[in-house]
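Inspection log for the structure reproduced underneath, given as structure tokens.
The values are calculated or read from the model by the stated rules, or taken from the named source; none is laboratory data. Owing to the predicted nature of the structure, the values given are computational and were not obtained by experimental measurement. Here Cβ is always computed from backbone atoms with ideal geometry, including for glycine, and neighbour counts include all displayed protein chains.
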Amino acid sequence: MTTQLPIEQETELVERARGGDQAALGELVEPLRRPLFSYIYRMVTHPQDSEDLLQDVLVRVMQSLRGYKADSRFKTWLFGIATHVCLDHLRNKKRWRVEAQLQGQYETEASESEVEKLTGLMHSPDFVFEMREHIAFCFSCIGRTLEPVEQAAIMLREVLGFSNREAASMLELSEPVFRHRLSAARSKMTSSYEGLCQLINKTGVCWQCKGLHEFAGTGHNGEVLVQIDVAPGVAVTPDSLFDARLQIIREANFPESKTRAMHDLFLEGLTRREETS
């Protein structure tokens, strides 16, 4: 979670911003701009759409500021607006297949021009393949297989760390209903990972982390993560492995990393295949 301003300072800035003080609004929004973009990017999984939706959110903030009653922290209110912008966008999109990434990999490998494009990108001077960032990428792709409200529930609670009460309020759900949607999202994502991820299941089918790490080559590949380990003393179960993965995802810089250009390329292709086919 991003550090919030002291409540007294936040209250003062909100009052000034309501009065039309653009500098005060900037002080409220700017520290949250990067995590806000990261949230939108993880939700909609498309670079240009994410940029466009961020601007939509900021416009809505300016339009709605006078109606903000400060019964929640400014960050909660801001991310609530972003959540509804994302949901409105996602409700008009097709859900992705669980195997979407694998299909994208197969199609890329079958196209000489796509392989050349990927090779050039991954061997550019500032590119580094970070396996932990790719795990966060996978999480967002699998998130797109969920219904939008379930996707938002798991992002808000499990990745961004909002409380059940805060997340339920953002989604305009009661807490019991929110917990039900969150549980459903966890169950579906855990099941998807069990069938795909080699880092937790050696009978899985996805070797992307290992393969991309090797493809990047010396000087362009970061830390190797051989497997995902649960905390000491915790039994290895699908739930505990999912929690261990969530810890990696929370700490990842996705999408702000030296691996992002590759993920942008992948997401543009995945969006084209999954939403227009």
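Out of the residues in the range 143-188 meeting the condition of being surrounded by fewer than 22 Cβ atoms within 10 Å (Cβ to Cβ) and of a type in the set (Val, Ile, Thr), tell me which one is farthest from the chain's Cα centre (by Cα).
Filtering the range 143-188 for residues that are surrounded by fewer than 22 Cβ atoms within 10 Å (Cβ to Cβ) and of a type in the set (Val, Ile, Thr), the one farthest from the chain's Cα centre (by Cα) comes out as Val177.
Does Glu114 meet the test of being touching an Asp or Glu at 6+ places or on another chain (Cβ under 8 Å), surrounded by fewer than 20 Cβ atoms within 10 Å (Cβ to Cβ) and closer than 17 Å to Leu212 by Cα? Explain how you work it out, then say what you get.
Values: touching an Asp or Glu at 6+ places or on another chain (Cβ under 8 Å): yes; surrounded by fewer than 20 Cβ atoms within 10 Å (Cβ to Cβ): yes; closer than 17 Å to Leu212 by Cα: yes.
So Glu114 passes the test.
Quick check on Ala235: is it surrounded by fewer than 20 Cβ atoms within 10 Å (Cβ to Cβ), assigned to a helix (DSSP H, G or I) and either out of contact with any Leu (no Cβ under 7 Å at 6 or more places or on another chain) or not charged (D, E, K, R) (or both)? Give the derivation first.
Values: surrounded by fewer than 20 Cβ atoms within 10 Å (Cβ to Cβ): yes; assigned to a helix (DSSP H, G or I): no; either out of contact with any Leu (no Cβ under 7 Å at 6 or more places or on another chain) or not charged (D, E, K, R) (or both): yes.
Answer is no for this residue.
Restricted to the range 244-277, and to residues that are basic (Lys, Arg) and within 25 Å of Arg157 (Cα to Cα), which residue is surrounded by the fewest Cβ atoms within 10 Å (Cβ to Cβ)? Working first, answer last.
Residues of the range 244-277 basic (Lys, Arg): 245, 250, 258, 260, 272-273.
Now drop any that are not within 25 Å of Arg157 (Cα to Cα), which leaves 245, 250, 260.
Numbers: Arg245: 22, Arg250: 13, Arg260: 19.
Out of the qualifying residues, it is Arg250.
Determine which single condition Phe129 fails, assuming it passes every other condition in (1) under 30 Å from Gly20 (Cα atoms); (2) touching a Gly at 6+ places or on another chain (Cβ under 8 Å); (3) not β-branched (Val, Ile, Thr).
(1)
Within the range 123-133, work out how many residues are buried (at least 18 other Cβ atoms within 10 Å of the Cβ) and either at pLDDT below 95 or of a type in the set (Asp, Glu) (or both). Step through it out loud before you land on a result.
Quick first cut of the range 123-133, residues buried (at least 18 other Cβ atoms within 10 Å of the Cβ) only: 127, 129-133.
Narrowing the set further to residues that are either at pLDDT below 95 or of a type in the set (Asp, Glu) (or both) leaves 130-133.
So the count comes out to 4.
Can you name the helices (runs of 4 or more DSSP H) wholly within the range 73-132 that have at least 1 residues being within 21 Å of the chain's Cα centre (by Cα) and closer than 26 Å to Gly219 by Cα? Step through it out loud before you land on a result.
Numbers: elements: 74-90, 100-109, 112-122.
Filter on the range 73-132 gives 100-109.
This table checks each residue for (1) in contact with a strand residue (DSSP E or B) (Cβ under 6 Å, 6 or more places away or on another chain); (2) in contact (Cβ under 8 Å) with a residue 60 or more places away in the chain; (3) over 22 Å from Phe74 (Cα atoms); (4) part of a loop (DSSP other than H, G, I, E, B).
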| position | (1), (2), (3), (4) |
| --- | --- |
| Arg165 | no, no, no, no |
| Arg181 | no, no, yes, no |
| Ala184 | no, no, yes, no |
| Glu214 | no, no, yes, no |
| Phe242 | no, no, yes, no |
| Leu246 | no, yes, yes, no |
